[in-house]
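These notes are about the structure you will find just below.
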Amino acid sequence: MVVIGAGIIGAACAFAAARAGLRVAVLDRGPVIGGTTGAGEGNILVSDKGPGAELDLAVLSSTLWRQFGAEHGDAIEYEPKGGLVVAAGEADMRALRRFAAEQRAGGVQTQVVTADDLPELEPHLAPGLAGGVRYPQDAQVQPMLAAALLLRLARDRGATIHPDTPVIAMRRDGHGRVIGVSTPGGTIPAGSVVNAAGVWAGQMAALAGVRMPVLPRRGCILVTQPLPAIVRHKVYGAGYTTDVMSDATDLQVSPVIEGTRAGTVLIGASRERVGFDRAMPIPVLARLARHATELFPVLADVSVIRAYLGFRPYMPDHLPALGADPRVPGLLHACGHEGAGIGLALASGHLIGQVLTGAEPTLDLYPFRPDRFSDPADGARTGAPTEEAT
């Protein structure tokens, strides 16, 4: 089989497939971990997801990460630090309580925190907040280390990794089934192809004649100088979840602050759909810094040592595409995770591995079905192979 994409999702799919005994080749158009994964914060969250299919996926993935972290925690800087969502006023606090109550029905552990108890959890938080909700299941990894380890473990089980190897065509037989891919260096035969190409997944789907409406959504991160451990949790404001689920194309900024094992503090989060514009938006960075110091005044005199940006693979309904594509036999998708790719990676790879081996998936994949965005024209396109096998 071929996995297209050597980011965290492709790495997790390759790891699961190789562990199941399948022969795996991982291809990427650029360097390994050179896309969205390398620009991520490494969040493994259940706190930002309401009841439904994505929360079910997040809870499963949280469990798998905890198991993986127990074995490889030091190698990937796995930290089960928990998350803390804070409310500026009483209206936000009431909304947080309602949201937490709904999440508990989906298997999420929540702890309502009063305003008086916030300093015990985060001593450097700004005074005057109305309270918050703590999420013990939230965790963090160093995303590049995690993806690299998954790829190495897959390679130890026989997988081959091919960076700088773009897929330029899908090879299909006379019945339309995918039987491999074409690259500038030649053809790679495969019984199955997994599209885990991140923000480029739409282009990969188009090579097979199907629609996958993945769009880039730009986000920026500030990184401070190394500090003592002054931020204990992943801390964010109550408006963050609303921004994540928004369909707006214009800029949205909400405070998200967390420390790392190296001592730096990561400051986000921004979201805007501007195509693949890589220009660093200085006004956005200024807003991130302002929001961070409003939430943690202690950061006001701290230096920022760098800033970076990346593109989240956005889908219109905010759910990834997972599983076999009924329009093209042999083609599977694991894409469209937006900003949750790190956290959802192990569950996504686990489920793809089950589909590839014919096992019953742990979760119902219907909400993630790859053809849910089909338009009437798609049916006409999928009947003919993109490239006839010879």
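The values are calculated or read from the model by the stated rules, or taken from the named source; none is laboratory data. Since we're looking at a predicted model, the values are computed, not measured. Don't worry about glycine lacking a Cβ; one is built from the backbone with ideal geometry, like all the others, and counts go over all protein chains shown. What goes into the accessible areas is simple: the full protein's heavy atoms, side chains included, and nothing from ligands, DNA or RNA. Shrake-Rupley method; radii C 1.70, N 1.55, O 1.52, S 1.80 Å.
Report whether or not Ala205 is among the aliphatic types (A, V, I, L, M), more than 30 Å from Ala262 (Cβ to Cβ) and out of contact with any Ser or Thr (no Cβ under 6 Å at 6 or more places or on another chain).
For Ala205, the condition - among the aliphatic types (A, V, I, L, M), more than 30 Å from Ala262 (Cβ to Cβ) and out of contact with any Ser or Thr (no Cβ under 6 Å at 6 or more places or on another chain) - is met.
Within the group Ala139, Ala208, which residue is over 22 Å from Asp28 (Cβ atoms) and at pLDDT 95 or above?
Only one candidate passes the filter, namely Ala139.
Restrict the check to the stretch 78-96 and report whether at least one residue is closer than 20 Å to Leu55 by Cα, assigned to a helix (DSSP H, G or I) and touching a Ser or Thr at 6+ places or on another chain (Cβ under 6 Å).
No; the residues of the stretch 78-96 include none that is closer than 20 Å to Leu55 by Cα, assigned to a helix (DSSP H, G or I) and touching a Ser or Thr at 6+ places or on another chain (Cβ under 6 Å).
Please give the number of the condition Ala91 fails out of (1) touching a residue at least 12 places away in the same chain (Cβ under 8 Å); (2) open to solvent by less than 70 Å² (accessible area, probe 1.4 Å).
Unmet condition: (1).
Can you work out which of the residues in the stretch 211-239 that are of a type in the set (D, E, K, R) and assigned to a loop (DSSP other than H, G, I, E, B) is nearest to Val328 (Cα to Cα)? Give the derivation first.
Step one: of the stretch 211-239, the residues of a type in the set (D, E, K, R) are 211, 217-218, 232, 234.
With the extra rule that they be assigned to a loop (DSSP other than H, G, I, E, B), the set shrinks to 211, 232.
Working: Arg211: 11, Arg232: 47 Å.
The extreme case among them is Arg211.
Test Leu149 against the stated conditions and say whether it is more than 27 Å from Cys13 (Cβ to Cβ) and open to solvent by less than 20 Å² (accessible area, probe 1.4 Å).
The answer is no for Leu149.
Is it the case that Gly128 is farther than 30 Å from Arg104 by Cα, open to solvent by 10 Å² or more (accessible area, probe 1.4 Å) and not acidic (Asp, Glu)?
Judged against the criteria, Gly128 is not a match.
Considering only the stretch 295-319, state which residues are part of a loop (DSSP other than H, G, I, E, B) and either over 18 Å from Gly40 (Cβ atoms) or in contact with a Lys or Arg (Cβ under 6 Å, 6 or more places away or on another chain) (or both).
Hits for the stretch 295-319 are Phe296, Val302, Ser303, Pro316, Asp317, Leu319.
Is there a residue being open to solvent by 10 Å² or more (accessible area, probe 1.4 Å), closer than 19 Å to Arg306 by Cα and in a strand (DSSP E or B) anywhere in the stretch 241-253?
Yes, the stretch 241-253 contains at least one residue that is open to solvent by 10 Å² or more (accessible area, probe 1.4 Å), closer than 19 Å to Arg306 by Cα and in a strand (DSSP E or B).
Tally time: how many residues in the stretch 104-117 are open to solvent by less than 40 Å² (accessible area, probe 1.4 Å) and either modelled with pLDDT under 95 or assigned to a strand (DSSP E or B) (or both)?
The number of residues fulfilling the criteria is 2.
Determine the pairs where a residue that is within 21 Å of Gly34 (Cβ to Cβ) and of a type in the set (D, E, K, R), located within the stretch 198-227, has a partner that is assigned to a loop (DSSP other than H, G, I, E, B) and open to solvent by 40 Å² or more (accessible area, probe 1.4 Å) with Cβ atoms under 6 Å apart, the partner being 6 or more residues away or on another chain.
Partner pairs satisfying both residue conditions: Arg217/Arg273.
Determine which member of the set Ala17, Ala6 is aliphatic (A, V, I, L, M), assigned to a helix (DSSP H, G or I) and open to solvent by less than 30 Å² (accessible area, probe 1.4 Å).
Working: Ala6 fails: assigned to a helix (DSSP H, G or I).
Answer to the check: Ala17.
Of the residues Arg306, Arg312, Arg327, which is touching a residue at least 24 places away in the same chain (Cβ under 8 Å), farther than 20 Å from Gly239 by Cα and touching a helix residue (DSSP H, G or I) at 6+ places or on another chain (Cβ under 9 Å)? Talk me through it step by step, then tell me what you get.
Numbers: Arg306 fails: touching a helix residue (DSSP H, G or I) at 6+ places or on another chain (Cβ under 9 Å); Arg312 fails: farther than 20 Å from Gly239 by Cα.
Answer to the selection: Arg327.
Out of (1) crowded, with 24+ Cβ neighbours inside 10 Å; (2) of a type outside the set (S, T, N, Q); (3) farther than 23 Å from Asp173 by Cα, the odd one out for Pro370 is which?
(3) is the only condition that Pro370 fails.
Among the listed residues Val256, Val274, which satisfies the condition of being surrounded by fewer than 20 Cβ atoms within 10 Å (Cβ to Cβ), of a type in the set (Val, Ile, Thr), touching a residue at least 12 places away in the same chain (Cβ under 8 Å) and touching a strand residue (DSSP E or B) at 6+ places or on another chain (Cβ under 6 Å)?
Answer to the check: Val274.
When both residues are 6+ apart or on different chains and their Cβ atoms are under 6 Å apart, which pairs have a first residue that lies in the stretch 118-134 and is closer than 19 Å to Val302 by Cβ, and a second that is part of a helix (DSSP H, G or I)?
Correct list of pairs: His124/Val298; Leu125/Leu118; Ala126/Leu295; Ala126/Pro297.
State yes or no: is Val298 touching a strand residue (DSSP E or B) at 6+ places or on another chain (Cβ under 8 Å) and either modelled with pLDDT of 95 or more or crowded, with 19+ Cβ neighbours inside 10 Å (or both)?
Taking the combined requirement at face value, the residue does not satisfy it.
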